[in-house]
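Enquirer: Please read through the structure below; I'll follow up with questions.
The numbers here are math on the coordinates, done by the rules we state, and not lab data. Since the structure is predicted, the reported quantities are computational estimates derived from the model, not experimental observations. Note that we place each Cβ from the backbone using ideal geometry, even for glycine, and neighbour counts take in every protein chain shown.
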Amino acid sequence: MKKTLVLAVDAQNPEMDKIRKAADFIKRGGLVAFPTETVYGLGADALNATAIRSLFEAKRRPLDNPPIVHVCDAKDVYRLAKTVPAKAELLMRRFWPGPLTLIFEHSSIVPSVTVAGLDTIAVRMPRHDVALALIKESGCPIAAPSANLAGKPSPTLARHVLEDLDGHIDAVLDAGLTHIGVESTVLDLTVDPPQVLRPGGTPFEALLKLLERVELNPVATANKILSVEKARSPGMKHKHYAPKAEVVVVEGDIEAVVDRVNELIARYKACGKKVGVLATNETFKSYSADAVKSLGSRRVLADVARNLFRLLREFDAENVDVIIAEGVSTEGLGLAIMNRLRKAAGYNIVKA
Ligand code: TXA
Ligand code: MG
């Protein structure tokens, strides 16, 4: 165990003495958790194989699932990627800094462990002043998977990072709640047409507007477990976002969903289970269970995304046995929200 340093920083004007302290750990091969606009990441020097091995270890992440490499300047992509297609340049101009990760073939400077032995690398430039300052001050690209134990919901608060990793990492930069709340969209540019491997903070519709053609990998929209051959992204086949409690997602028209959730509450209560309901502002008052929490208005998907992982963790802290979650629309950010919820539920989906 090591002592994990907690450094509170201003999200807009990060104090440089604290950034320097954190960057010193990165330069020496250490592990630093930091906020991005999506979720907190656990950072290590992407070009230091030893540091990356300890990153996998701290997260207990399988070695076949590579992290995303974060840069503070679009120019850095040219060192990490073997070639940068014209489409990538277009996407980088439009969406960086921001929640879009691009997959390239990687250059020879990238250690094999950083990319889990693949020919490709995932790169993004985050839209967060703390993240950008840390990368710049460290003087290297920073590999950063979400800063949770493998399989758990991603952290949107520094407190979540500490719940999972306290004593196993050198420091966490605490700048409060992350803005988007679900991870970046992962877009594979090594195939034609480009393919979304993970829906996220950049909506599919926004990519469609810019690119002539772009596809959604079937796993991104799946409502059941698909075979591993279809899983082009290594992360697709691993367990994800799962709280300790069992999760059920109820999907359909809102009136039918409310009825179905109430039926399920009664059924689980009858077996003596402690029941939590993940509702929305519109439906919140329709339920009586051991814990009822609202994600926000179902018409404001940005709020739902921001609250999702935090509330899943809150239910765990309250030791509920089962979480019954309402589905939302799959438009815009809704595609990422439903992807995370369905995975959290292990595809235990009830059609109302
Ligand atoms: O918003 C985010 O993307 C956050 C913040 C911290 O930036 N990071 C994040 O990283 O979610 P992580 O490691 O938890 O998820 C990375 C995803 C995984 O699904 C992984 O399989 C996929 O990106 N990935 C990484 N390298 C890849 C590659 N070369 N080809 C295909 N998928 C890749
Ligand atoms: Mg993750």
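Enquirer: So what is the diffusion coefficient of segment 1-126 in µm² per second by Stokes-Einstein at 20 °C and 1.002 mPa s, using a Kirkwood Rh over Cα pairs? Walk me through the numbers before you get to the answer.
Expert: Working: Rh = 15.5 Å.
Once the numbers are plugged in, D ends up at 138 µm²/s.
Enquirer: What size of dipole, in debye to the nearest 20, comes out for segment 16-86 about its Cα centre when the only charges are +1 on Lys and Arg C-beta atoms and -1 on Asp and Glu C-beta atoms? Before the final figure, lay out the partial values.
Expert: Numbers: 12 positive and 8 negative charges, 35 e Å.
Approximately 160 debye in magnitude.
Enquirer: Using packing as a proxy for protection, rank 147-156, 210-219 so that the peptide with the highest average count of other Cβ atoms within 10 Å comes first.
Expert: Details: 147-156: 23.2, 210-219: 15.1.
The packing order, highest mean first, is 147-156, 210-219.
Enquirer: Would you calculate a helix-derived [θ] at 222 nm for the chain, using -39,500 (n - 2.57) for each DSSP H run of n ≥ 4 and dividing by the full residue count, to the nearest 500? Before the final figure, lay out each step's value.
Expert: Details: 11 runs with 111 residues, N = 352.
That comes out to -9500 deg cm²/dmol.
Enquirer: Follow-up. I'm checking a number: the convex hull volume of the Cα atoms of segment 149-211, normalised per residue, in Å³. What is it? Before the final figure, lay out each step's value.
Expert: Numbers: hull volume 7.7 nm³, N = 63.
Once divided by residue count, the hull of segment 149-211 is 122 Å³.
Enquirer: If you don't mind, another one. Within 10 Å of each candidate Cβ there may be at most 13 other Cβ atoms; applying that plus a DSSP loop requirement, which GluC sites (Glu not before Pro) in segment 298-352 survive?
Expert: Counting only loop positions with at most 13 other Cβ atoms within 10 Å, the GluC sites (Glu not before Pro) in segment 298-352 are GLU318, GLU331.
Enquirer: Now a separate question. Which whole-number percent is the relative contact order of the chain (Cα, under 8 Å, 6+ apart)? All intermediate terms of the calculation are to be shown ahead of the outcome.
Expert: Numbers: 792 pairs, mean separation 68.2, N = 352.
Across the chain, relative contact order equals 19 percent.
Enquirer: With only Lys, Arg, Asp and Glu charged, each at its Cβ (+1 for the first two, -1 for the last two), find how big the charge dipole of segment 58-155 is about the Cα centre; round to the nearest 20 debye. Numbers along the way, then the final one.
Expert: Details: 13 positive and 8 negative charges, 45 e Å.
Using Cβ point charges on Lys, Arg, Asp and Glu, segment 58-155 gives about 220 debye.
Enquirer: Once the Cα atoms of helix 49-59 and of the chain are each reduced to a long axis, what angle between those two axes, in degrees from 0 to 90 to the nearest 10, is obtained?
Expert: Between the helix axis and the principal axis of the chain, the angle is about 10 degrees.
Enquirer: Still on this structure, I have one more. For helix 16-27, report the angle its Cα long axis makes with the longest principal axis of the Cα atoms of the chain; keep it between 0 and 90° and round to the nearest 10°.
Expert: The helix 16-27 is inclined about 80 degrees to the chain.
Enquirer: Pop a pseudo-label 7 angstrom from the Cα along the beta-carbon direction at both ASP259 and ARG28 and give the gap in nm to one decimal.
Expert: 6.4 nm
Enquirer: Dipole of the chain (Lys/Arg Cβ +1, Asp/Glu Cβ -1, origin at the Cα centre): which of ILE103, VAL275, GLY29 lies farthest to the positive side?
Expert: Final value for the positive-end residue is GLY29.
Enquirer: Across the chain, how large is the tail of the calculated P(r) beyond 38 Å, expressed as a percent of all Cα pairs?
Expert: When every Cα pair of the chain is considered, 15 percent fall beyond 38 Å.
Enquirer: Hey, another quick one. Which angle from 0 to 90°, rounded to the nearest 10, does the C-alpha axis of helix 301-317 make with the longest principal axis of the chain?
Expert: Taking Cα atoms only, the helix is inclined about 80 degrees.
Enquirer: Looking at segment 41-191, I'd like the Rg to Rh ratio, where Rg is from alpha-carbon atoms and Rh is Kirkwood's inverse mean 1/r. Write down the numbers at each step before the final one.
Expert: Details: Rg = 14.5 Å, Rh = 15.5 Å.
Answer for segment 41-191: 0.94.
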